[in-house]
Amino acid sequence: MTDEVFPNGWTAGVALVLGPVLLLVGTLLRSPFHFFFPDQLRAAADHPGLMTAAYTVFLAGHVVMWPAVAEVARRVAGRRPVWAAWGGVLVTVGLFARTFHAGVDQAAFGAVRHRGVEEATRLVADGYGDLHLFSHLSFTIVFGWCVLAVGAYLGGVLGPVRAVALAAMGLLPLGVLKGAEVLSVVGTAGLCVALVPLGVRTLRELPRPSRRAVVLAVPVAVGLGALAFVSTLG
């Protein structure tokens, strides 16, 4: 992979390693609590730090996953372009849906902090069945991983075991304020099995960064950190 494509090799390789790991960690952090929303809200009241960390890491994993999905689709496209296109699009829309759900989760946790767990539970229950754009696209969260996994197998990107492991991401519960079940751990662990080795291989295929690039990365990182802080000010 060259720097002329987007995302480039470094972005894709890091995402292939980091994204699955973040999703697995976020899943394990929320696993002690029952997965349905009243239990998740009670856990947020009783263990606010742990639940904030769990949901934040899980959200970060889905955001980081988009370059990883793009890289898998790029590799599949060489031999199976139709499977690559459909798999990449469906999984990416599913990532958008998960990110939308995370915004609702954040609002619900805010209601727990400011209004108490009982009122927050009533509020979520009243609006739980309300329709929105991603109500009609929830199938992508499950189906997209299966399509991408088949494409990755047919395209020679993943072997049969790792392709099945990739498809296992479709086992995760979907929707607002969903915790973790055994199948959630299986799915996110499978994602690690499927993609982390590919990420390591992607990074190993790249030339070592120049000294100039490494030196420039320091002020860029500091600048991005400063912008992240400024963004919290309103």
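Each reported figure results from applying straightforward, stated rules to the coordinates on display, with no laboratory input. Since the model is a prediction, treat every value here as computed from it, not as a measurement. Glycine also receives a Cβ, built like all others from the backbone with ideal geometry; neighbour counts cover every protein chain displayed.
Table for the structure above
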| item | result |
| --- | --- |
| Of Pro160, Leu172, Leu224, farthest towards positive along the dipole that unit charges on Lys, Arg, Asp, Glu beta carbons give the chain | Pro160 |
| Charged-residue dipole, Cβ positions (Lys, Arg, Asp, Glu), the chain about Cα centre, Debye nearest 20 | 780 debye |
| Extreme residue, positive dipole direction of the chain, given options Ala107, Pro81, His136 (C-beta unit charges) | Pro81 |
| Spherically averaged projected area in nm², based on the convex hull that wraps the Cα atoms of the range 1-139 | 9.5 nm² |
| The chain: angle of helix 9-30 to the longest principal axis, Cα-based, in degrees nearest 10 | 30 degrees |
| FRET efficiency, Val230 to Leu154 (Cβ-Cβ, R0 45 Å, nearest 0.05) | 0.45 |
| Alpha-carbon centroid distance for the pair the range 1-59 / the range 88-144, whole angstrom | 15 Å |
| Folded to 0 to 90 degrees: helix 48-77 orientation relative to the chain principal axis, Cα | 30 degrees |
| C-alpha long axis of helix 182-204 to longest principal axis of the chain, angle in ° | 30 degrees |
| Ranked packing of 122-128, 32-38, 20-26, most packed first, by mean Cβ within 10 Å | 20-26, 32-38, 122-128 |
| Relative contact order computed over the chain (Cα-Cα under 8 Å; 6+ residues apart), in percent | 29 percent |
| Dipole magnitude of the range 104-157, debye to nearest 20 (Cβ charges: Lys/Arg +1, Asp/Glu -1, about Cα centre) | 120 debye |
| Given charges at beta-carbon only (K, R positive; D, E negative), |dipole| of the range 1-85 in Debye | 280 debye |
| Mean residue ellipticity (222 nm) of the chain, computed from DSSP H runs ≥ 4 via -39,500 (n - 2.57), nearest 500 | -26000 deg cm²/dmol |
| Cβ crowding within 10 Å averaged over residues, with 173-180, 156-163 ranked highest first | 173-180, 156-163 |
| Viscosity 0.890 mPa s, 25 °C: Kirkwood-radius Stokes-Einstein D of the range 125-197 over Cα pairs, µm²/s | 185 µm²/s |
| Computed lengthening from Ser138 to Val63, 0.36 nm per intervening residue step minus Cα-Cα distance | 25.3 nm |
| Correct option for Rg and Dmax of the Cα atoms in Å [calculated from the coordinates] among (i) 19.0, 66; (ii) 17.9, 55; (iii) 19.0, 57 | (iii) |
| Charge-dipole axis of the chain as Lys and Arg at +1 and Asp and Glu at -1 on Cβ define it, positive-most pick from Ala60, Ser31, Asn8 | Asn8 |
